[in-house]
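Here's the structure, in structure tokens; my notes come after.
Values in this text are rule-based calculations from the coordinates and carry no lab data. Small disclaimer: the values here were computed from a predicted structure and weren't measured. Note: ideal-geometry Cβ built from the backbone for every residue, glycine included; neighbour counts use all protein chains shown.
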Amino acid sequence: MRIGLAFDLQLDPSDERQAEFDPPPLLDAIEAALASLGHRVLRLGNAEALLEAPAAARSVDLVFNLAEGMGARSREAWVPALLELWGIPFVGSGSRTQLLALDKVTTKRLAVSSGVATPAWRVLASPEEAPLAEALRFPVIVKPRYEGSGMGIDPHAVVHSLEDLRRRVEWVVSRFHQLALVEEFIPFGELTVFLIGNNPAANLPVIQRPLDAASRLAWHVARAAEGAPWLCPVDMTPALEAAAADAARRVFEALGCRDMARADFRVDEQGSLYFLEINPLPSFDPEGTIGLAAECMGTTYAALIGRIVDAAAERIERCKIP
Ligand SMILES: Nc1ncnc2c1ncn2[C@@H]1O[C@H](COP(=O)(O)OP(=O)(O)OP(=O)(O)O)[C@@H](O)[C@H]1O
Ligand SMILES: [Mg+2]
């Protein structure tokens, strides 16, 4: 097939607004994977580039969408919405799902209504509302409601008192111009589940994320210094793995995800799972979850990219309506 790649290019990794964008080596890796499967790849770029040159998007058989957008709560829905408008088939979730999944609070509500546990939470609009979180068990973690890639999360996000909560809510609201999600902090361990396919999606081996020993945050958001101690405390039994995969699939279905997504969970010392969020635009870093899962399965990154493309092609064949 001729496959178009839609993406936002990360040119400056130190610019927080580009945190979700894809750096050139990742685009090279995904292009090489698609080429090794016999596809021809055309780099289309982001939503603005599509608008400037719709003919390029119309020239491909399928678009592989990685574009994250910037600066709006609908940013991850921009490319899917354009492709839906133009009737161009694409890999991954549609605009409606992208909108829902960037909102961590709506996602948590859908998880709860699907029987999936999530840390108890409150949403605060200002530091004055901090007493609304008094019913939660401290420590709590404060996150922007509509972001990803660890934006706004570092060891100071975990707070132990109402006073620190006020300060952090003030910081999140003024820096990100959005509501603060305050969640009970589940200190023990962390799992992530990559799903591929539809009706139902299949899970790849569940991956345990290493934690920074000091903050107990996942290593990728703790911004811990090289050489700092880290932990993988979870005993990954088949029962726990099956429970995480089942919970991930329930949320995948509740949000109407398609083709692939990655769901993140915390685990407490008793082995109870708590859903954090689902990413219908997961990272395709070959050294991240998808690469680790490929290694566990004795397969390759390219083979898993191939499974995602096949799942999309099969879905599109079955149901023409986006
Ligand atoms: N309630 C919680 N309890 C414990 N740790 C948490 C909690 N919420 C978030 N974290 C930590 O913060 C990290 C990032 O949180 P989350 O996944 O909600 O945000 P994100 O920015 O969308 O993440 P990602 O980097 O996966 O895109 C988690 O991987 C986890 O280590
Ligand atoms: Mg996450």
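Placing +1 on the Cβ of every Lys and Arg and -1 on the Cβ of every Asp and Glu, with nothing else charged, gives the stretch 2-91 a dipole about its Cα centre of roughly 380 debye. Simple rule: put +1 on each Lys or Arg Cβ and -1 on each Asp or Glu Cβ in the stretch 165-204, find the dipole, and look at 179, 203, 189; the Cα lying farthest toward the positive end is 179. Computed about its Cα centre, the charge dipole of the chain is approximately 820 debye, with only Lys, Arg, Asp and Glu carrying charge at their Cβ.
What's the FRET efficiency of residue 226 with residue 246 using the Cβ-Cβ distance as r and R₀ = 22 Å, to the nearest 0.05? Calculated value: 0.05. Rounded to the nearest 10 degrees, the inclination of helix 162-176 to the longest alpha-carbon principal axis of the chain is 30 degrees.
Cβ-Cβ distance of residue 61 and residue 156, R₀ of 51 Å, FRET efficiency by 1/(1 + (r/R0)^6): the value works out to about 0.60. A Förster radius of 45 Å combined with the Cβ-Cβ distance from residue 315 to residue 167 puts the calculated FRET efficiency at roughly 0.45.
Ranked by how many other Cβ atoms sit within 10 Å of their own Cβ, fewest first, the residues 160, 220 fall in the order 160, 220. The trypsin sites (Lys or Arg not before Pro) of the stretch 88-178 that meet both conditions, a loop assignment by DSSP and at most 14 other Cβ atoms within 10 Å of the site Cβ, are 137. Taking 17 Å as the cut-off, the amide N atoms of the stretch 159-179 that come nearer than this to a point 7 Å along the Cα-to-beta-carbon line of residue 70 belong to 176-177. Taking amide H positions as modeled 1.01 Å from N, with prolines and chain starts lacking one, the residues under 5 Å from residue 42 and 5 or more places away or on another chain are 3, 4, 5.
Across the chain, the longest run free of exposed loop sites, meaning GluC sites (Glu not before Pro) lying outside DSSP classes H, G, I, E and B with no more than 13 other Cβ atoms within 10 Å, spans 1-225. Could you give the Stokes-Einstein D for the stretch 2-91 in µm² per second, using the C-alpha Kirkwood radius, 4 °C, 1.567 mPa s? In µm²/s, the coefficient is 97.
Using a simple spin-label model with pseudo-atoms 7 Å out from Cα toward Cβ, residue 28 and residue 236 lie 2.9 nm apart.
Of all DSSP-defined beta bridges confined to the chain, some 75% are antiparallel rather than parallel.
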